[in-house]
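Visitor: Can you keep this structure in mind? I'll have questions shortly.
The values are calculated or read from the model by the stated rules, or taken from the named source; none is laboratory data. None of these values were measured; they are calculated from a predicted model. Using ideal geometry, Cβ is built from the backbone for each residue, glycine included, and neighbour counts are taken over all protein chains shown.
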Amino acid sequence: MTKRYGRLLAVNDLSLTVEEGEVFALLGPNGAGKTTTMSVLMGFIFPTVGSIRIFGQDMTDEGRETRRRIGFMPEELGLYDSLTGYEHLEFYGRLFGMEKREREEKIHDMLQLVGLTDRKDSLVREYSHGMRQRLGVAQALINEPDLLILDEPTSGLDPRASHEVREIIKSLAARHITLILSSHLLHEVEQVCDTVAIINKGKLIRKDTIKDLVRETRDKGIRVSVTCLTLNRNIIDAVRGISGVEHVETRDNILTAIVRNEELAADINTAVVKAGGRVVRVEESTPDLEEIFLQLTEGD
Amino acid sequence: MDLSLSAVATMARKEFYTYLKTKRLIIMGGLYMAGFLGATIIMCYYKTPDVFREVIANAHSLSNIFYILLPIALSYDLIVREKSRKSFLLLLSKPITRTEVVVGKFVGIFSVICAVTVPIATIGHLIAAVTLGNPGVADLGRAYAFLGIILLGAACYVSLSLLFSTTSSTSGTALISSLIVGWFGLNMLYPVVNLAYALAGHSNGTPIAAKAVYLLSPSNNVNAAMEILSKEIMGFSTLGPVSPAQSIVALVIFLGATLTSVLWLFRKKDL
């Protein structure tokens, strides 16, 4: 799928498949084309070239039956300020064709899930940003979707509200529904998703499982950081002399070595002490998604 | 075309209850009530000679501005506001098509207009009937037939405003476009064309081109259709160069053409 806005190429020949039951993340920096991709996915904007199919149906058509099985939460929640939280859910419930009793039960359950029962009769204009976001989650789930699409679900939230929304998402992921999440927050994706597609400047850079990505980068080496009171040439040469140490760099009083074997951390510690260094701390770190992301987008 | 009446009704219901609480409706509705009922009461007090039909025709004629401004005021930002505040993204992620959204909004706003005008007009009709004596079923029928034409004209202004709401990028632009074109532009075409013919030395009757531009304005068509109530309005005998039947046909075509344009444009629009 390609989407152009005049001369601006927002999404460039993106081709992706998300399997049923997968918890999938679309990851990229701001302006990478995530929201454009989500908007094409939902049929809000039309692709310049290509198409998107959900449950086998082309989403550039109106796709009423497909939408019955989808829950969507956009990055910018366009809620109606003059309606209450309850009225929002009632309106959306009606659009799904729910009978009164079923609708009332669903609304009750959703309000409880997102913790808005006490504020259900307040106008949305009186809601905090976190409460609006939680109402966004509730409206996305009111139809018990088979596919849930969340575009930057924790965008603009304070840490506490982000945590709350993330916990809700984790509980949804545990229910084995298909979940597509777009985010620029790497730790969020790492906590929630199985598979990630990294896009930058509208292009797909990599699609893989998070486990495989981490394993692949780990194969390139483990990072051991030693913090000393003072660092000198002898200490650096002593560490470089250890068999299995591939790369050594220093910054301030921290010596960082890339090694193949986790056990070499102890050898490095011993070598530093023997060379006269006074060790304050030794840390071993495996690459996280942030490092992988930076490696993959390097040069872009 | 796949059109679910339940989805349209849900959309219309939401618009109806939302707009029923808005300040603009309360202000415009209040002014209309004061204008229409005030005019009716004053004219009943002076008992104009042609009694019931004349009074009702004059009261509607004096309230003409509300039949243009009320629909425009309620519908100029129906599309553009939802687009700018991104509420379409939530709405269209649900099982409702773009066509149903537009039709639902149109029905909702038209219902609000009916909910305001029909009861107020009915009170006016009753005041006139009671004050001036029993008007008879035929006269009451004519009064409501004319009210129906007024509402058809209002529906035309709703769909015209929806058109500008779809094509404009801001609510301000949509309002200005609706007012300039709907209120001023379409009404000015007829006198301008007539003047041009007069300056060219044409003096025999109304030229076809002038009639054609006259029929383009919903407001003109409503005025012309007033003939079914009374030919003599406020002492002026010229209601327009077209018959009520031609006016009604023109209103229906106008409504169909503008609403179809809105549906076509909105279906193709990136949100």
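Visitor: Give me a count of the residues in segment B:195-226 that are free of Cβ contacts under 8 Å to residues at least 60 places away in the same chain and under 30 Å from B:Ala145 (Cα atoms). Show your work before the answer.
Guide: First pass over segment B:195-226, keeping only residues free of Cβ contacts under 8 Å to residues at least 60 places away in the same chain: B:195-217, B:220, B:224.
In the following step, the residues that additionally are under 30 Å from B:Ala145 (Cα atoms) were identified as B:205-217, B:220, B:224.
Residues that pass the stated criteria total 15.
Visitor: Out of contact with any Cys (no Cβ under 8 Å at 6 or more places or on another chain), within 13 Å of chain B (Cβ to nearest Cβ) and at pLDDT below 90 - does that describe any residue in segment A:154-164?
Guide: Yes, segment A:154-164 has at least one match.
Visitor: Quick one: A:Ser39 ticks every box in (1) surrounded by fewer than 19 Cβ atoms within 10 Å (Cβ to Cβ); (2) not in a strand (DSSP E or B) except a single one, so which number is it?
Guide: Evaluating A:Ser39 over (1) surrounded by fewer than 19 Cβ atoms within 10 Å (Cβ to Cβ); (2) not in a strand (DSSP E or B) leaves (1) as the failure.
Yes or no, residue by residue, for (1) away from every other protein chain (no Cβ under 14 Å); (2) assigned to a loop (DSSP other than H, G, I, E, B); (3) under 14 Å from the mean Cα position of the chain (by Cα):
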{"site": "B:Thr40", "(1), (2), (3)": "yes, no, no"}
{"site": "B:Val55", "(1), (2), (3)": "yes, no, no"}
{"site": "B:Ser61", "(1), (2), (3)": "yes, no, yes"}
{"site": "B:Phe66", "(1), (2), (3)": "yes, no, yes"}
{"site": "B:Lys94", "(1), (2), (3)": "no, yes, no"}
{"site": "B:Ile109", "(1), (2), (3)": "yes, no, yes"}
{"site": "B:Val116", "(1), (2), (3)": "yes, no, yes"}
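Visitor: Oh, and also: Could you please find all residues in segment A:104-116 being over 12 Å from A:Leu141 (Cβ atoms) and either outside the structural domain of A:Asp158 (by TED's automatic domain parsing) or surrounded by 15 or more Cβ atoms within 10 Å (Cβ to Cβ) (or both)?
Guide: A:Glu104, A:Leu116
Visitor: Would you mind stating whether A:Gly136 is modelled with pLDDT of 90 or more and either under 21 Å from A:Leu41 (Cα atoms) or not in a helix (DSSP H, G or I) (or both)?
Guide: For A:Gly136, the condition - modelled with pLDDT of 90 or more and either under 21 Å from A:Leu41 (Cα atoms) or not in a helix (DSSP H, G or I) (or both) - is met.
Visitor: Could you tell me which residue of segment A:68-91 is farthest from A:Thr37 (Cα to Cα), considering only residues that are within 9 Å of chain B (Cβ to nearest Cβ), more than 22 Å from the chain's Cα centre (by Cα) and of a type in the set (A, V, I, L, M)?
Guide: A:Leu83
Visitor: Consider A:Gly130 against the criteria (1) modelled with pLDDT under 90; (2) closer than 13 Å to A:Glu144 by Cα: it satisfies all of them except one. Which criterion is unmet?
Guide: Only one criterion in (1) modelled with pLDDT under 90; (2) closer than 13 Å to A:Glu144 by Cα is unmet by A:Gly130, namely (2).
Visitor: Just checking, which of A:Arg215, A:Arg223, A:Arg206 is exposed (fewer than 14 other Cβ atoms within 10 Å of the Cβ), closer than 29 Å to A:Leu296 by Cβ and under 29 Å from the mean Cα position of the chain (by Cα)?
Guide: On the way: A:Arg223 fails: exposed (fewer than 14 other Cβ atoms within 10 Å of the Cβ); A:Arg206 fails: exposed (fewer than 14 other Cβ atoms within 10 Å of the Cβ).
Step by step, each of A:Arg215, A:Arg223, A:Arg206 is checked, and only A:Arg215 is exposed (fewer than 14 other Cβ atoms within 10 Å of the Cβ), closer than 29 Å to A:Leu296 by Cβ and under 29 Å from the mean Cα position of the chain (by Cα).
Visitor: Give just the number: which of (1) surrounded by fewer than 17 Cβ atoms within 10 Å (Cβ to Cβ); (2) of a type in the set (S, T, N, Q); (3) away from chain A (no Cβ under 14 Å) does B:Thr22 not satisfy?
Guide: (3)
Visitor: Continuing with this model, one more query. Kindly establish whether B:Phe36 is within 14 Å of chain A (Cβ to nearest Cβ) and at pLDDT 90 or above.
Guide: no
Visitor: Run A:Phe55 past the list (1) of a type in the set (Phe, Trp, Tyr); (2) within 14 Å of another protein chain (Cβ to nearest Cβ); (3) at negative phi; (4) touching a residue at least 40 places away in the same chain (Cβ under 8 Å) and report the number of the one that doesn't hold.
Guide: So the condition that A:Phe55 fails would be (3).
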